[in-house]
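Notes to accompany the following structure.
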Amino acid sequence: MFEPDIAPSGTLLGLLQRGRGDGTLHALAAPRAEALAVLNHCVLRDPRRDWQLENRSLYYARLYLDLDGGLGEIEQHLFDPDDLTDPAEERTGLALAVLGHLASYGRDDALRLLRRYAADGANWSWALDELALRDDDAALAALGERVLARFPRTPEGDGALAAAVRDAFEPRPWRLWADEQHSPRTAARVRAAQEQGSFDRWQRQLRPQGPRPGWSVREVLDWAQEGLAQHPAQLRHVPATRCLTAVAGPEDRLEIIEAAAFGEGAARATALRYLAEHDDPQALDLVEGAAADPDPLVAEAAVTAFERMRGAAALERARAWVRRGDALGGAAAGMLACRGAQYDAPLVLDALRRTVRAEGCDAPVLWELADGAGRLQIACAAPVLRHVYRETASSHLRGRAARALAATDPSFAAGFAVECLWDCEETTRELAAHHATTADARVVEQLRRLASDPAEEAEVQTAVRSRFEPGAPTV
C-alpha cells in the first residue's frame, strides 16, 4: 500500500486530508476558490493510508455541497488517459464514492458522470455499485449492453463475465439485465453467466484443496510449509492452525513444541499459534524466542500469537515485556492497555508517551494504548492524547483518541467534541453528539443538520435525538 503525502496538521490541506471536523470549518471560512482547490486535491489524490477502512467520501461530498463545487476536475481525473493504464481501485474509488453521495443529495451532474464512467471507465464496477444504490431501473437497464460489451463472446470473455456477476457487490443491475421484461437484449447472456457462476462454485466444492480428514499433525505442518513454495507464495499458517486444532491430541504435544522451537517458517508459525491459542505452559517461552527470529514470518507470527493469548500468565508476562523496544514490547503494552488492571495505568501511560516520542502519532500500537488510557481513565494522559488527536493521519486512531479524551479530559465537551460533529468517521460524530456542549451555537445547528440528513448513519441520528429529548443533558 502506498504512503500518501500528508500535509502538516495546521494547514487547511492537512486538516482535510485527515478528515478532521476543523477541516470543514476552516474550508467554509477560507476563500471559496482556495477551499475548492484543496478539496479537489484530496479527492483526486486519496489521502487515506487504508482506503478500505477509513471514511472520507461523505465528508468530502458534504463539503462540495456547502461550497457549491463543480465536478469538472473529478471528470477530468476519471477520464484521464491514466485510466486506460492504471485500473486500480485506489486511483478512482474515492472520487466515485463522492459522486455517489452527491447523487444521493440530488446532484444530477454527479449521477450523469457515474453513468458515463460505468459505461466507459476502467473501474466501471465501482461506479455500477454506486448507481445500483441510487439510480432508477430504466437508467440501469440502458447501461446493460454497454457493460456486457466489455466481455467478448469467447470462452475467456464468458468466464470473465461469470466472475463479474458472481463477485458483484451490488447484484441489482445484474438482476435487471437478466430480466427479459427490463432488458431483453442482455437477459439470455446474463442468465447464462449466473448459471456458470453457480456451477463454478459447485465444482470448487467438489474439488477442495488442503487438509483432509485423517491427516496427521506432520501432514498439516508440511501443508503449511508447502504454501511458501507456491507462486505466488501462500501464507497458510492461520488456516493450518485451525486444521491442527482439529487433528492434534495430547499425544502430539511434544511434536508441536518441537516444530514451534525448531521448525521451518510456516510450520513454526503454525505451531506457535496453536500452542498460544491452547495456553500451553511452554508457549510464552517459545514466543519470546521466536519474536527475535530473523525470519519475519516467524517473528510476526510469534507476536500475533502472544496478542491472542488470554490467560493470566500472558498478562503477567506482558508486565515484564512492556518496556521492550521491539514488536513484542508493543504487543505487551497493547495487552495491558486492553486487559490490564488499574495498577497497570503507569505502565500504559509510560508506553503511550514512549511510543509517541519514538514512533510518532501513527504507530499501530497507539490504537490499543489510546483505548487503554480511556478505559483506565488516566487523566494525565490527556496532553498526549490531544497531540495524537491533532497529528495522526488515521481518522480511526483520531476517533479512539477522542473517545479516550471524553473519559480523561474535562475540557473535551467544549473543545474537540465540537469539531468532532463534522468529523469524517461516523463513530466520532456519534461520540460528539453525546458530548458536545450545546452552549456553542454551532453545535445546535450541526446537531439539527445531522438529524435531518438522510445520508447520516442511524447511530449518529439516535445520539442526536437523545440530546433533544426532555431532560437531556446540555453538557
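Taking only the C-alpha atoms of the stretch 1-55, the Rg (one decimal) and the largest Cα-Cα distance, Dmax (whole number), read 11.0, 34 Å. Computed on the chain, with alpha-carbon pairs under 8 angstrom and 6+ residues apart, the relative contact order is 11 percent.
Given Cβ point charges of +1 (Lys, Arg) and -1 (Asp, Glu) and nothing else, what value in debye, to the nearest 20, does the dipole of the stretch 58-144 about its Cα centre take?
Working: 7 positive and 18 negative charges, 43 e Å.
With only Lys, Arg, Asp and Glu charged at Cβ, the dipole is about 200 debye.
For the pair Glu170 and Gln234, a Förster radius of 25 Å applied to the C-beta separation gives a FRET efficiency near 0.25, rounded to the nearest 0.05.
The stretch 148-191 and the stretch 70-135 have Cα centres lying 21 Å from one another. Other residues whose C-beta falls under 9 angstrom from the C-beta of Cys361 contribute a net charge of -2, scoring Lys and Arg +1 and Asp and Glu -1. Towards the positive end of the charge dipole of the stretch 65-179, with charges on Cβ (+1 Lys, Arg; -1 Asp, Glu), say which of Ile74, Gly93, Leu161 has the farthest Cα. Working it through, the farthest residue towards the positive pole turns out to be Leu161. Maximal additional length on extending the Thr85-Arg308 stretch stands at 76.1 nm, based on 0.36 nm per residue less the C-alpha distance.
Restricting attention to the stretch 1-98, which trypsin sites (Lys or Arg not before Pro) occupy a DSSP loop and are surrounded by at most 15 other Cβ atoms within 10 Å?
Filter output for the stretch 1-98: Arg45.
Could you give the length gained on full extension between Ala455 and Phe468, defined as 0.36 nm per residue of separation minus the Cα-Cα distance, in nm?
2.7 nm
Per residue, the chain reaches -20000 deg cm²/dmol at 222 nm when only DSSP H runs of four or more residues are counted, each adding -39500 (n - 2.57). Multiplying the residue separation of Glu251 and Arg146 by 0.36 nm and subtracting their alpha-carbon distance yields 31.6 nm. Quick check: net charge around Thr24, other residues with Cβ under 10 Å of its Cβ, Lys/Arg +1 and Asp/Glu -1? That works out to -2. Among the GluC sites (Glu not before Pro) within the stretch 134-194, those in coil by DSSP and having at most 13 neighbouring Cβ atoms inside 10 Å are Glu180. Other residues with beta-carbon under 12 Å from the beta-carbon of Gly121 carry, at +1 per Lys or Arg and -1 per Asp or Glu, a net charge of -3. Summary: within the chain, the longest segment free of chymotrypsin sites (Phe, Trp or Tyr not before Pro) located in DSSP loops with at most 12 other C-beta atoms within 10 Å is 170-475.
Let me know the charge dipole size of the chain about its Cα centre in debye, to the nearest 20, where only the beta-carbon of Lys, Arg (+1) and Asp, Glu (-1) is charged.
Taking the Cα centre of the chain as origin, the dipole is about 680 debye.
Every read-out reported here was derived from the displayed coordinates using simple, explicitly stated rules and does not represent laboratory data. These numbers come from a predicted model, not from an experiment. Here the Cβ is made from the backbone with ideal geometry for all residues, glycine too, and neighbour counts use every protein chain on show.
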